[in-house]
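As structure tokens, the structure follows; a few thoughts come after it.
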Amino acid sequence: MTIDRAVLAFAGTMILMSLVLSHIHNPYWLFLTAFVGLNMLQASVTRFCPLAFVLKRLGVRPGAAFP
């Protein structure tokens, strides 16, 4: 698995988890969805993603989006 796929899988998991938590517990969990979306937008513009940085340090194989 490359960093690109790991970042997308993590972001998708966080979004789905926050949607479920907002439905079950409290609508304030939707702020997590907004944070993940804003981080994805920022990463598409600046090519910097904190999770990609951590994964690179852990030795995950780089991909095309986050070399």
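Computed from these coordinates, which is Kirkwood radius over Cα pairs in Å: (i) 13.2; (ii) 11.9; (iii) 12.5?
Answer by label: (iii).
What's the angle, to the nearest 10 degrees (0 to 90), between helix 3-24's Cα axis and the longest principal axis of the chain?
So the helix axis and the longest Cα principal axis differ by about 10 degrees.
Relative to the longest principal axis of the C-alpha atoms of the chain, give the angle of the C-alpha long axis of helix 30-46, reported between 0 and 90° and rounded to the nearest 10°.
That works out to roughly 20 degrees.
Read the figures in this text as sums done on the coordinates, not as results from a lab. Predicted model only: the values in this text are computed from it and were never measured.
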